[in-house]
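These notes are about the structure you will find just below.
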Amino acid sequence: VRAIAHAGEIVLEPEFLATLPNLSIISTISVGYDGVDVPWCRAHGIEVTHAEGLNAEDVADHAVGLLIASWRNIVEGDRMVRSGGWAAQN
């Protein structure tokens, strides 16, 4: 194993990484280094990188969506419809 693409769900323990003598890079496919002991890796010659800005547009879209949902009471309306509180007028 020379490289690991890591999503961060599982911690990459130094004890495990030490069993991979040819490992030279860990690339986290997120904006941070979740689950990777960066100082340990760098001290052992393993580069660590991440996808800076990967989800910036998605986070902004979600924030605007939450703002609109709050402003227009979408969550409350959804709950009312799902609970049968709205019926079509005949």
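The values are calculated or read from the model by the stated rules, or taken from the named source; none is laboratory data. It should be emphasised that the depicted structure is a prediction, and the values quoted were computed from it without experimental measurement. Cβ coordinates were reconstructed from backbone atoms using ideal geometry, including for glycine residues, and neighbour counts include every protein chain displayed. Accessible surface areas use protein heavy atoms only, side chains included; no ligands, DNA or RNA. Shrake-Rupley method; radii C 1.70, N 1.55, O 1.52, S 1.80 Å.
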Tabulated pairs, region 15-30, first under 26 Å from Asn55 (Cα atoms), second of a type in the set (D, E, K, R) and modelled with pLDDT of 95 or more, C-beta under 8 angstrom, 6+ apart or interchain: Ser24/Arg2; Ser24/Glu47; Ile25/Arg2; Ile25/Glu47; Ile26/Glu47
Filter pass, Glu47 being over 19 Å from the mean Cα position of the chain (by Cα), within 30 Å of Pro21 (Cα to Cα) and not small (Gly, Ala, Ser): yes
Within region 36-57, tally of residues that are open to solvent by 100 Å² or more (accessible area, probe 1.4 Å) and modelled with pLDDT under 95: 3
Residue within region 62-82 that is part of a loop (DSSP other than H, G, I, E, B), surrounded by 11 or more Cβ atoms within 10 Å (Cβ to Cβ) and under 20 Å from the mean Cα position of the chain (by Cα) present: no
Checking Ile26 against (1) within 18 Å of the chain's Cα centre (by Cα); (2) in a helix (DSSP H, G or I); (3) of a type in the set (A, V, I, L, M, F, W, C), the condition it does not meet: (2)
